[in-house]
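Below: the structure, in structure tokens.
All of the numbers you see were taken from the coordinates with simple rules; none came from a lab. In this text, all values refer to a predicted model and were calculated from it rather than measured experimentally. Here Cβ is always computed from backbone atoms with ideal geometry, including for glycine, and neighbour counts include all displayed protein chains.
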Amino acid sequence: MGAATPPNPTPLRNSYWVVPGKVLAGEHPGGTTREATRERLERLIAAGVECFIDLTEPGELKPYDTELPFSIEYLRKPIRDHGIPAQRGHMVSCDHPKCKGKVQLEHVNHYRNHVATVHKVNLRVEQTVSYSM
């Protein structure tokens, strides 16, 4: 038998490959300074990240979207853990071709369960990831 392929290294300490080499999840990429944020974004882009989905609410953390090159897509889909959105537009939708336009989820736990059940991908629970900059 051949040797097992080593996992792709992650560009940030508190990140992991949901789908190796394709879908990366992790902490907010903002750093303690503007330069630190740029360096973290450069590492993510070098790892192949072409689209950032920001789940924070405006004002929750320092924004980083202005530091991204124009070729990189940025989407803001704020989710409050364990909260229920006041308006339908604040709900989370799954844009996978199988679900597009059909699935609206109330909060991040519903999204996590949807991804596990429908797409057979288990997203790691936030409490298992330690936070450090």
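Can you name every residue in the range 24-51 that is among the β-branched types (Val, Ile, Thr) and exposed (fewer than 13 other Cβ atoms within 10 Å of the Cβ)?
Our first condition is that a residue be among the β-branched types (Val, Ile, Thr); within the range 24-51, this holds for 32-33, 37, 45, 49.
Matches in the range 24-51: THR32, THR33.
Matching residues to (1) farther than 23 Å from VAL121 by Cα; (2) out of contact with any helix residue (DSSP H, G or I) (no Cβ under 8 Å at 6 or more places or on another chain); (3) of a type in the set (Phe, Trp, Tyr):
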{"residue": "ALA25", "(1), (2), (3)": "no, yes, no"}
{"residue": "HIS28", "(1), (2), (3)": "no, yes, no"}
{"residue": "ALA36", "(1), (2), (3)": "yes, yes, no"}
{"residue": "ARG40", "(1), (2), (3)": "yes, yes, no"}
{"residue": "GLY48", "(1), (2), (3)": "no, yes, no"}
{"residue": "ASP54", "(1), (2), (3)": "no, no, no"}
{"residue": "PRO58", "(1), (2), (3)": "yes, yes, no"}
{"residue": "LEU61", "(1), (2), (3)": "yes, yes, no"}
{"residue": "LEU75", "(1), (2), (3)": "no, yes, no"}
Among what's in the range 67-82 and is crowded, with 16+ Cβ neighbours inside 10 Å and in a loop (DSSP other than H, G, I, E, B), pick the residue that is farthest from the chain's Cα centre (by Cα). LEU68
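Can you tell me which residues in the range 45-59 are in contact (Cβ under 8 Å) with a residue 12 or more places away in the chain and either of a type outside the set (A, V, I, L, M) or part of a loop (DSSP other than H, G, I, E, B) (or both)?
Here is the first cut: in the range 45-59, the ones in contact (Cβ under 8 Å) with a residue 12 or more places away in the chain are 45-58.
ALA47, GLY48, VAL49, GLU50, CYS51, PHE52, ASP54, LEU55, THR56, GLU57, PRO58 - these are the residues of the range 45-59 that are in contact (Cβ under 8 Å) with a residue 12 or more places away in the chain and either of a type outside the set (A, V, I, L, M) or part of a loop (DSSP other than H, G, I, E, B) (or both).
Quickly run through the range 52-66 and pick out the residues that are touching a Pro at 6+ places or on another chain (Cβ under 9 Å) and either within 20 Å of ASP95 (Cα to Cα) or surrounded by 13 or more Cβ atoms within 10 Å (Cβ to Cβ) (or both).
We begin by selecting, within the range 52-66, every residue touching a Pro at 6+ places or on another chain (Cβ under 9 Å); these are 52, 54-58, 60, 64.
Those that are touching a Pro at 6+ places or on another chain (Cβ under 9 Å) and either within 20 Å of ASP95 (Cα to Cα) or surrounded by 13 or more Cβ atoms within 10 Å (Cβ to Cβ) (or both): PHE52, ASP54, LEU55, THR56, GLU57, TYR64.
Got at least one residue in the range 31-44 being in a loop (DSSP other than H, G, I, E, B) and within 22 Å of VAL115 (Cβ to Cβ)? Working first, answer last.
Step one: of the range 31-44, the residues in a loop (DSSP other than H, G, I, E, B) are 31-33.
Imposing the further condition that a residue be within 22 Å of VAL115 (Cβ to Cβ) reduces the set to none.
The answer is no, given that none of the residues of the range 31-44 is in a loop (DSSP other than H, G, I, E, B) and within 22 Å of VAL115 (Cβ to Cβ).
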